[in-house]
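The values are calculated or read from the model by the stated rules, or taken from the named source; none is laboratory data. Keep in mind the model is a prediction, meaning the values are calculated, not measured. Cβ placement follows ideal geometry from the backbone for every residue including glycine, while neighbour counts extend to all protein chains displayed.
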Amino acid sequence: MKNILFVSHSSELNGAELWLVESLKRLDKHKYAPFLIVPRPGPLEKTAKDLGLETRVVPMKWSLTEKSKIWRQPFAWLWNIHSVRRLANIIREKKIGLVFTNSAAMRGGAKAAKRMGVPHVWAIHEILRGKNPFLYYMFGSKPLVNFILKRSAKVIVNSEICRAAFPDSDKLALIYNGVEFKSGDENRQNAIRKELGIREGDLVAGVVGKIYEGKGQREVILAVAALSRQYPNLKLLVVGEVRDDTYYRGLQDVAKANGLEGRILFVGYHPDLVNILKIMNILIAASVVESFGRAALEGLAAGVPVLAVRAGGLPEIVEHGRNGFLVDSRDPQEIARAMNFIFQSPAKAKEAVEEGFKAVREKFSLDQQIRGIERVIDETLG
């Protein structure tokens, strides 16, 4: 059995962290003994401990940032010197055979692995080059991807758009995120409808993800505004934590300015995402920063017609006219036209749902994700 140190860049439960915790939960415990590092207490730490996984907090700061905060990076690198030392001590203490870093945002795992002479695997969940990179490195994307390749025996990417940042290399392994089918609870769905004030006969659209500009909630609200007279029973669920308070207040102002009070429902983070999805008539993914798009995949698995913007990794999940629907931009009028088409084409929507189930089974299953990760680990360990 090999002891493996998994280093998470956060202790939240967003897409990358869910990918990690689902992997840790299902890895073959006869072959691997996982040990998790998180940079602070939080939901991921609690979930891991509830699963019986040994977990420790080692405070670390992100080595990469948004473009506007690049100036912070040298201070983070200096601050993390102590964190790398602590990680190296844990590698020695736990007799770690492999270090596995989850996300490009953190470099401490790679540095500690090099210091202790153990192999390192890096799982990248971000778009690092192109028009809308999620994170920036102050010296540019080329030195960043070269550093990732140089410090890793294997690099896992979760989409073709993510892989596009890297030169050709036999170190790269494409492993799509996986989900599993989960049956909903009709009683729970009725309770959610009552809680949110959704009546029988209402049309329910939804957008899922942290609330900030990159996710496109504003454009979806404006699309709903464009359809508000045609569909007076249309409501929008905005599901997710607030990341940008100014942007969130702006969304509320847009809803009010368009007379949509009571029709734009800010749900916040909701632990019962499956049943939230199952009360939707359509899920809209309007993000331009997704290297993959887990919410869209969750929608396919939940049997919800999915409308996505042709950006990032979303077109790798949603095939237009087959298992979902795509629009070429976040223009609210274009989103509104596509929503109207889906509402007016129930047969097409039903076909898309059926093909969505098929895509999840054949391409995006959780079993395929776990097999891919175990294969990478086995190849790295020789």
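For the stretch 337-348, what are the residues that are in a helix (DSSP H, G or I) and out of contact with any Gly (no Cβ under 9 Å at 6 or more places or on another chain)?
From the stretch 337-348, those in a helix (DSSP H, G or I) are 337-344, 346-348; that's our starting set.
Scanning the stretch 337-348 gives ARG337, ALA338, MET339, ASN340, PHE341, ILE342, PHE343, GLN344, PRO346, ALA347.
Output yes when any residue across the stretch 166-189 is at positive phi and of a type outside the set (D, E, K, R), and no when none is. Give the derivation first.
The first filter runs over the stretch 166-189 and keeps only residues at positive phi, leaving none.
No - not one qualifying residue is present in the stretch 166-189.
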### the stretch 65-96: number of residues that are within 18 Å of LEU128 (Cβ to Cβ) and aliphatic (A, V, I, L, M)
2
### Query
Inside the stretch 106-220, counting only helices (runs of 4 or more DSSP H) that do not spill past its ends, which hold 2 or more residues that are farther than 25 Å from PHE364 by Cβ?
108-116, 141-150, 186-196
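Output yes when any residue across the stretch 231-245 is touching a Pro at 6+ places or on another chain (Cβ under 9 Å), among the small types (Gly, Ala, Ser), closer than 17 Å to VAL309 by Cβ and in the same structural domain as ARG337 (by TED's automatic domain parsing), and no when none is.
Initially, the stretch 231-245 is screened for residues touching a Pro at 6+ places or on another chain (Cβ under 9 Å), giving none.
No, there is no match, as no residue in the stretch 231-245 is touching a Pro at 6+ places or on another chain (Cβ under 9 Å), among the small types (Gly, Ala, Ser), closer than 17 Å to VAL309 by Cβ and in the same structural domain as ARG337 (by TED's automatic domain parsing).
Yes or no: GLY97 under 16 Å from LEU149 (Cβ atoms) and at pLDDT 95 or above?
Values: under 16 Å from LEU149 (Cβ atoms): no; at pLDDT 95 or above: yes.
Judged against the criteria, GLY97 is not a match.
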### Summary
Taking first residues from the stretch 50-62 that are under 20 Å from ILE91 (Cα atoms) and second residues anywhere that are among the hydroxyl-bearing types (Ser, Thr, Tyr) and not in a loop (DSSP other than H, G, I, E, B), the pairs with Cβ under 7 Å that are 6 or more apart or on different chains are VAL58/SER83; PRO59/SER83; MET60/SER83
### Summary
Sole miss for ALA311 among (1) farther than 25 Å from TYR231 by Cα; (2) part of a helix (DSSP H, G or I) is condition (2)
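So, in the stretch 243-297, exactly how many residues are assigned to a helix (DSSP H, G or I), among the charged types (D, E, K, R) and within 15 Å of the chain's Cα centre (by Cα)? So that I can check it myself, show each step before the final result.
Filtering the stretch 243-297 down to residues assigned to a helix (DSSP H, G or I) leaves 245-257, 273-278, 294-297.
Retained after the next criterion (residues that are among the charged types (D, E, K, R)): 245, 249, 253, 256, 278, 294.
Right, trim to within 15 Å of the chain's Cα centre (by Cα) and you get 294.
Residues meeting the conditions: 1.
Provide a single number: the residues in the stretch 87-105 that are in a loop (DSSP other than H, G, I, E, B), more than 30 Å from LEU314 (Cα to Cα) and either among the aliphatic types (A, V, I, L, M) or touching a Lys or Arg at 6+ places or on another chain (Cβ under 9 Å) (or both).
2
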### Task
Kindly indicate whether VAL327 is β-branched (Val, Ile, Thr) and modelled with pLDDT under 95.
no
### Task
Would you please name the residue that is farthest from SER159 (Cα to Cα), looking only at residues in the stretch 349-381 that are in a helix (DSSP H, G or I) and among the polar types (S, T, N, Q)?
THR380
